[in-house]
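A short worksheet on the structure shown next.
The values are calculated or read from the model by the stated rules, or taken from the named source; none is laboratory data. Nothing here was measured: the structure is a model prediction, and the numbers come from that model. As a convention, Cβ positions derive from the backbone with ideal geometry for all residues, glycine included, and neighbour counts pool all protein chains shown. Ligands, DNA and RNA are excluded from the accessible area calculation, which covers all protein heavy atoms including side chains. Shrake-Rupley method; radii C 1.70, N 1.55, O 1.52, S 1.80 Å.
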Amino acid sequence: LAIGSEAFAPTTSRAIRRPLAMRATPPAEQHSFDPFNFAESPAWGVESGAGLESQGLVSPSAVAGLGLAAMMAMPEEAMAKGGEFGLAEGRIISMAHPIIMGGCFLVSLGAGYTGLQWRRIREIGNEVTMLKAELKPHKLKLEAEMAKEGEEQNLTELNKLKADVAAFTADIDAKSAERKELASKDYRDRHWALGSVLLGIGGSFAIEGPVNTYMRAGKLFPGPHLYAGAGCVAMWVLAAALVPQMQKGKDWARSGHIGLNALSTAMFAYYQIPTGIGIAQKVIEKTKFP
């Protein structure tokens, strides 16, 4: 048999023939999570088909990955307890309670002022009614005295009756003018609006405060601020519960409504504001934006 020179060539220089089943097959393509097909997109500023390595540019998929990593890392800077509740532990949400409750204190002052003015309108109306009742007999006497003729008239009594009627009339006119001016300012609707804000927003954020504290610290801190705050909210609710009886004209309900709101405002000023300022300072120290 004629054996060519290739028979004695080193095995490294010859192609090793193997059965088809034994030939190495490329590994199956591994797919990564890429719903937006960033991996197939060209790099920014590079035409399609150009090599990224030669251009030294970053692909959109790499930028997207860096952006996602940055967003995931941002909340960690705002965590006070450990990041279990995300941005709810950050400074913005944590400071919502003291800021809004401070506004609620001003709202309570406004509600108290408008409520007293509305009460004043009602009181003036009662005073005018009483003055008119007192004026009536004086007017009857004056008319009877003026009906007399000649010497039958008692000039001294006549002049006295005229002065009394004039004084009553002037007083009635003054109070009526005052009542009309107060009524034009719509204190009733303003009082209802401020009361609704105080009860709705104030009550909600009074609950949000302890919840946020627990989310940040893992516990509550019983003390004057917590107890007085709960008392204020309870008095707001009780005062609102007396409104139906107030609308029926019950004076005891009106007095109770005023007393409860006055006491809650006093507790707010004496307990909540001084202790709340100290707590807000600690929140600022222990939290970060956002």
Open item on the list: Just the residues that are closer than 23 Å to K288 by Cα, part of a helix (DSSP H, G or I), hydrophobic (A, V, I, L, M, F, W, C) and modelled with pLDDT of 60 or more, please, taken from the range 74-121.
Closed with: L87, A88, I92, I93, A96, I99, I100, M101
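Yes/no matrix, rows are residues, columns are (1) among the charged types (D, E, K, R); (2) assigned to a helix (DSSP H, G or I); (3) open to solvent by 80 Å² or more (accessible area, probe 1.4 Å):
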site	(1), (2), (3)
N159	no, yes, yes
F168	no, yes, no
A174	no, yes, no
E178	yes, yes, no
R188	yes, yes, yes
H191	no, yes, no
TODO: Return only the number of the condition from (1) of a type outside the set (F, W, Y); (2) assigned to a helix (DSSP H, G or I); (3) open to solvent by 50 Å² or more (accessible area, probe 1.4 Å) that V283 does not satisfy.
DONE: (3)
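Restrict the check to the range 157-180 and report whether at least one residue is of a type in the set (V, I, T) and under 30 Å from Q272 (Cβ atoms).
The first filter runs over the range 157-180 and keeps only residues of a type in the set (V, I, T), leaving 165, 169, 172.
Next cut, under 30 Å from Q272 (Cβ atoms) only: none.
The answer is no, given that none of the residues of the range 157-180 is of a type in the set (V, I, T) and under 30 Å from Q272 (Cβ atoms).
I want to confirm something. Restricting to the range 268-289 and keeping residues that are touching a Ser or Thr at 6+ places or on another chain (Cβ under 8 Å) and of a type in the set (A, V, I, L, M, F, W, C), which single residue is modelled with the highest pLDDT? Don't jump to the end; show me each part of the working.
Pass one, the range 268-289, residues touching a Ser or Thr at 6+ places or on another chain (Cβ under 8 Å): 268, 283, 287.
Pick out the ones that are also of a type in the set (A, V, I, L, M, F, W, C) and you get 268, 283.
On the way: F268: 93, V283: 81.
The qualifying residue modelled with the highest pLDDT is F268.
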Task: Inter-residue pairs, beta-carbon under 9 Å, first more than 21 Å from G112 (Cα to Cα) and in the range 166-187, second basic (K, R), 6+ apart - done: F168/K132; F168/K139; I172/K132
TODO: From (1) surrounded by fewer than 18 Cβ atoms within 10 Å (Cβ to Cβ); (2) of a type in the set (A, V, I, L, M); (3) closer than 19 Å to S204 by Cβ, pick out the condition that doesn't hold for M246.
DONE: (3)
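Only one residue in L199, L182 is under 24 Å from I258 (Cβ atoms), in contact with a helix residue (DSSP H, G or I) (Cβ under 6 Å, 6 or more places away or on another chain) and open to solvent by 40 Å² or more (accessible area, probe 1.4 Å), so which one is that?
Sole residue among the options that is under 24 Å from I258 (Cβ atoms), in contact with a helix residue (DSSP H, G or I) (Cβ under 6 Å, 6 or more places away or on another chain) and open to solvent by 40 Å² or more (accessible area, probe 1.4 Å): L199.
Of the residues that sit in the range 202-214 and are in contact (Cβ under 8 Å) with a residue 60 or more places away in the chain and within 14 Å of W236 (Cβ to Cβ), which one is least open to solvent (accessible area, probe 1.4 Å)? Quick ask: steps written out before the conclusion?
The initial filter retains those residues of the range 202-214 that are in contact (Cβ under 8 Å) with a residue 60 or more places away in the chain, namely 202, 205-206, 208-209, 212.
Among the residues that remain, those that are also within 14 Å of W236 (Cβ to Cβ) are: 202, 205-206.
Values: G202: 0, F205: 59, A206: 23 Å².
The extreme case among them is G202.
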- [ ] List every residue pair whose Cβ atoms lie under 8 Å apart, where the two residues are 6 or more positions apart in sequence or sit on different chains, the first residue falls within the range 215-233 and is farther than 19 Å from N261 by Cα and free of Cβ contacts under 8 Å to residues at least 40 places away in the same chain, and the second residue, located anywhere, is of a type in the set (S, T, Y) and open to solvent by 60 Å² or more (accessible area, probe 1.4 Å).
- [x] L220/Y214
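It is to be established whether one or more residues within the range 136-156 are closer than 30 Å to S255 by Cβ and open to solvent by less than 80 Å² (accessible area, probe 1.4 Å).
To start, the set of residues in the range 136-156 that are closer than 30 Å to S255 by Cβ comprises none.
No, the range 136-156 has no match at all.
Name the one entry in I207, I172, I201 that is over 30 Å from the mean Cα position of the chain (by Cα) and hydrophobic (A, V, I, L, M, F, W, C). Quick ask: steps written out before the conclusion?
Values: I207 fails: over 30 Å from the mean Cα position of the chain (by Cα); I201 fails: over 30 Å from the mean Cα position of the chain (by Cα).
It is I172.
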TODO: Hey, could you check the range 249-269 for residues that are without any contact (Cβ under 8 Å) to a residue 24 or more places away in the chain, in a helix (DSSP H, G or I) and out of contact with any Leu (no Cβ under 6 Å at 6 or more places or on another chain) and say which is most open to solvent (accessible area, probe 1.4 Å)?
DONE: W252
